[in-house]
C-alpha cells in the first residue's frame, strides 16, 4: 500500500509559494530543486524525478544552441519551466506556449505576462495547429505527448515545425515511475502494459504511457517525420525529429 501522507516535497516548500493545486506545487518544487542541484538525502522517487528533469533540460539547452530557433511553439507549458529555459538560453527567441489546464494556464500566463517575446494561450493544440502558421521548432517535453497519446496531433506538430523536440517515458523504467509518482504525492494509480491510469482527485482520468524505442521510431515515421537523434535521458527517451 502506498503511503497517503503529505509528500516530502511539499514539506520542503516555502508556504508563500504554495498553491491549492498539487501539480503546480510539484513543478514549482522541481524547478527550485534543479537550481540547487543537490539531490542527496531525498527518496529514490524524488531523486529520479529531479535527475530526469535536470538531464532533460540540459539536453534541450544543447538543441537550442545548435539550431537557434527564432520562433518556438510549446505543447503543454505547465508552469513554464521550458519557457524559462528557452529565455535563459536564447533571450530573443519568440515563444508561443499552449496549455489546456485552466489552473496551469492562469499560473504560467501570469508568470510571463511582462515578457514581450512570450505569448501563452489556453487552447486545444490540435485545433490550433490546423491553422497555417509554422514554427522553427516545436517542443513537447516530460512525456506530455505520452499523456495525450494522439497520433493526429503528432502529425500536425511534425507538419508545422522544422524541428520537433519531444521526450517520452522509457518503458524500461516503469518500476521507477511508480516510485516517482508515489514521491510526488500520487497514491491512487495503476499500471497496465506501459500505461499508468491515475485516479487521484486532482488528475482523475489522466493517463500516462511509456514507449519502447521501436514504438517511437514507428510513431515518427508513420507521421511523416524522421529521427535526427534519440537518446536515453533519465527515465525518458529524448528525441529530435524533423519532417521527412
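The values are calculated or read from the model by the stated rules, or taken from the named source; none is laboratory data. Model, not experiment: these values are computed from the prediction. Backbone-built Cβ (ideal geometry, glycine too); neighbour counts: all protein chains shown.
Which residues, taken from the stretch 12-27, are farther than 23 Å from residue 178 by Cβ and in a helix (DSSP H, G or I)? Across the stretch 12-27, the qualifying residues are 15, 16, 17.
For the stretch 87-97, the condition of being free of Cβ contacts under 8 Å to residues at least 60 places away in the same chain, part of a helix (DSSP H, G or I), closer than 20 Å to residue 136 by Cβ and in contact with a strand residue (DSSP E or B) (Cβ under 8 Å, 6 or more places away or on another chain) holds for at least one residue. Put simply, of 125, 138 the only residue that is at pLDDT below 95 and either closer than 19 Å to residue 240 by Cβ or surrounded by 20 or more Cβ atoms within 10 Å (Cβ to Cβ) (or both) is 125.
Screening residue 9 on (1) crowded, with 18+ Cβ neighbours inside 10 Å; (2) at pLDDT 90 or above; (3) not in a loop (DSSP other than H, G, I, E, B) shows it passes everything except condition (2). Inside the stretch 30-66, residues that are over 27 Å from residue 149 (Cα atoms) and either touching a strand residue (DSSP E or B) at 6+ places or on another chain (Cβ under 7 Å) or part of a helix (DSSP H, G or I) (or both) make up a count of 8. Taking the listed residues 71, 40, 58, the one that is farther than 20 Å from residue 179 by Cβ, free of Cβ contacts under 8 Å to residues at least 60 places away in the same chain and surrounded by fewer than 20 Cβ atoms within 10 Å (Cβ to Cβ) is 58, with no other qualifying. Pairing residues of the stretch 98-124 that are within 13 Å of residue 84 (Cα to Cα) with residues that are surrounded by fewer than 19 Cβ atoms within 10 Å (Cβ to Cβ) and modelled with pLDDT of 95 or more, at Cβ distances under 6 Å and at least 6 apart in sequence or on separate chains, gives 117/94; 120/109.
For (1) more than 25 Å from residue 190 (Cα to Cα); (2) touching a strand residue (DSSP E or B) at 6+ places or on another chain (Cβ under 9 Å), each residue gets a yes or a no:
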{"position": "114", "(1), (2)": "yes, no"}
{"position": "118", "(1), (2)": "yes, yes"}
{"position": "141", "(1), (2)": "no, yes"}
{"position": "158", "(1), (2)": "yes, yes"}
{"position": "169", "(1), (2)": "no, yes"}
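Of the strands (runs of 3 or more DSSP E) lying entirely inside the stretch 155-206, those carrying at least 2 residues that are under 18 Å from the mean Cα position of the chain (by Cα) and surrounded by 17 or more Cβ atoms within 10 Å (Cβ to Cβ) are 161-170, 195-198. State all residues of the stretch 109-150 that are in contact with a helix residue (DSSP H, G or I) (Cβ under 7 Å, 6 or more places away or on another chain) and assigned to a helix (DSSP H, G or I); if no residue qualifies, say none. Of everything in the stretch 109-150, those that are in contact with a helix residue (DSSP H, G or I) (Cβ under 7 Å, 6 or more places away or on another chain) and assigned to a helix (DSSP H, G or I) turn out to be 125, 126, 145. Under the condition of being loosely packed, with under 14 Cβ neighbours inside 10 Å and without any contact (Cβ under 8 Å) to a residue 60 or more places away in the chain, the residues counted in the stretch 207-223 number 3.
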